[in-house]
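The structure appears below as structure tokens.
The values are calculated or read from the model by the stated rules, or taken from the named source; none is laboratory data. Computed from a predicted structure; not experimentally measured. Backbone-built Cβ (ideal geometry, glycine too); neighbour counts: all protein chains shown. Accessible surface is based on the protein model in full, side chains and every heavy atom, while ligands, DNA and RNA are left aside. Shrake-Rupley method; radii C 1.70, N 1.55, O 1.52, S 1.80 Å.
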Amino acid sequence: MAIEVAKAELKNVQDASGLEAALKQGQFRADEVIAVIGKTEGNGGVNDFTRILADQAFRGVLRRLGSRSEAEIAQIPMVWSGGCDGVITPHATIFARNAKTGAAAKSRLVIGTAMSAEILPEDIGRPAMVEKVADGVRAAMRNAGIADPADVHYVQTKTPLLTIESVKDARARGKEVACEVHESMGVSNGTTGLGIAVGLSEIKMPKAEEICRNLDLFSSVASCSSGVELTQAQIVLLGNKAGAGGRFRIGHSVMKDALDIDGIYAAIRSAGLDLPARPRAEDLDGRLVNCFIKCEADRRGMLRGRRQIMLDDSDVPWHRHAKAAVGGVAAAAIGDPAVFVSVDAMHQGPQGGGPCIAIIDAGE
């Protein structure tokens with residue numbers, strides 16, 4: 001079952017014309033779309049409703065041009081990350097699965113998806129959420145047909161965060177939440193990162209007091225986002241499998257810090273693209289589909305021995321500084337500002353850095 005991948009620019013927050021164009025050009029059928037990962041132009045915060053608008057637009061096209069029911073389309077994981085700070089262009093990467101097969105000797109991209117058990121408000125930031133996400137990751141591996149976690153190169157999730165209403169719901173049931181509403185995005189992402197690491201056997205189950213505190217624990221393939229539009233973990237797991245068919249391969253590396261352009265090229269090499277010792281965007285020769293990067297302000301307030309002020313800025317939140325900076329580095333590296341960069345990378349890569357995933361067109 002081969003995977004097709006397409007990247008489409010969002011011309012506005014409710015634009016799905018890129019998806020519609022790919023369908024009408026015959027790259028894949030509406031009923032073959034299995035996942036979407038995209039960037040929207042909102043504030044990236046708790047009240048960023050551009051994610052919901054983009055979600056509705058893409059699902060609407062799949063309903064109109066396909067034959068699946070509304071309930072079936074509602075189960076398609078669509079992970080929308082808000083905030084296109086700096087030069088980042090709003091866009092979506094669309095994944096479809098068809099019936100093509102390939103040579104057993106060739107390892108190509110496969111995708112598995114899963115929805116976790118319901119994540120309650122009081123689970124966020126606690127071991128219960130780690131366990132639920134880990135179970136979901138294992139289910140996504142089975143769905144992808146991947147047995148060895150080493151063949152997994154990217155796990156993209158979308159998980160719930162806290163709202164005033166969900167906090168009230170927990171307290172009405174006699175439960176207390178682990179953090180404040182505006183902290184919950186980072187806490188949800190971090191707890192999910194640990195769940196991915198546990199599910200892939202990168203680490204052992206952390207102690208409750210280590211969650212969002214022991215930053216030496218992390219996953220090298222996790223990219224976690226959160227929002228108000230769901231109550232489960234949406235999990236999209238990508239890896240390579242022999243005989244999968246298709247043209248695409250995936251690889252990953254880790255950016256050690258916000259300036260680690262070599263980490264981006266290492267991910268592209270990991271996917272299978274030969275590059276010179278000192279690559280430039282031109283060396284990619286149009287074969288890179290997209291990069292997916294997580295980033296975080298270094299909590300030590302330093303970058304390569306130099307003092308940083310983004311954590312002290314009272315006017316612009318640090319996540320907007322970090323996203324814009326890493327987005328600029330990534331856009332320069334690949335020659336395309338339509339690159340997926342997401343913040344709140346706690347437990348996703350090392351402190352101050354983050355995972356970098358690359359998908360390339362490897363040819364027939």
Consider residue 184 carefully, then state whether it is in a strand (DSSP E or B) and open to solvent by less than 50 Å² (accessible area, probe 1.4 Å). no
Is there any pair linking a residue in region 294-309 that is touching a residue at least 12 places away in the same chain (Cβ under 8 Å) to one that is part of a strand (DSSP E or B), with Cβ under 7 Å and at least six apart or on different chains, and which? 294/223; 294/342; 294/348; 294/354; 294/355; 295/341; 295/354; 296/354
Regarding residue 275, is this residue assigned to a loop (DSSP other than H, G, I, E, B) and touching a helix residue (DSSP H, G or I) at 6+ places or on another chain (Cβ under 9 Å)? yes
Here are some conditions: (1) open to solvent by less than 60 Å² (accessible area, probe 1.4 Å); (2) outside any helix (DSSP H, G or I); (3) out of contact with any Gly (no Cβ under 9 Å at 6 or more places or on another chain). Residue 93 meets all but one. Which one does it not meet? (3)
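Kindly check whether there is at least one residue in region 63-86 that is within 16 Å of the chain's Cα centre (by Cα) and among the acidic types (Asp, Glu). Write out each step before concluding.
Taking region 63-86 and keeping what is within 16 Å of the chain's Cα centre (by Cα), we get 76-84.
Next, from what is left, pick out any that are among the acidic types (Asp, Glu): none.
Checked region 63-86: no residue is within 16 Å of the chain's Cα centre (by Cα) and among the acidic types (Asp, Glu).
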Within region 197-224, residues being crowded, with 24+ Cβ neighbours inside 10 Å, in contact with an Asp or Glu (Cβ under 8 Å, 6 or more places away or on another chain) and polar (S, T, N, Q) number 1
Which of the residues that make up region 158-173 are part of a helix (DSSP H, G or I) and among the hydroxyl-bearing types (Ser, Thr, Tyr)? 166
Hits in region 231-258 (condition: open to solvent by 30 Å² or more (accessible area, probe 1.4 Å), polar (S, T, N, Q) and under 17 Å from the mean Cα position of the chain (by Cα)): 232
Expected output for region 268-290 (first residue under 18 Å from residue 329 (Cα atoms), partner polar (S, T, N, Q) and crowded, with 18+ Cβ neighbours inside 10 Å, Cβ below 6 Å, 6+ apart or cross-chain) is 290/93
Taking region 123-142 as the search range and keeping residues that are in contact (Cβ under 8 Å) with a residue 40 or more places away in the chain and open to solvent by 20 Å² or more (accessible area, probe 1.4 Å), which one is nearest to residue 177 (Cα to Cα)? 126
Being buried (at least 19 other Cβ atoms within 10 Å of the Cβ), among the small types (Gly, Ala, Ser), more than 24 Å from residue 182 (Cβ to Cβ) and modelled with pLDDT of 95 or more, is that true of even one residue in region 58-65? no
Among the residues of region 27-57, what is the count of those that are farther than 30 Å from residue 320 by Cα and open to solvent by 60 Å² or more (accessible area, probe 1.4 Å)? 2
Which of the strands (runs of 3 or more DSSP E) contained wholly in region 209-260 include at least 2 residues that are under 19 Å from residue 119 (Cα atoms)? 222-227, 234-242
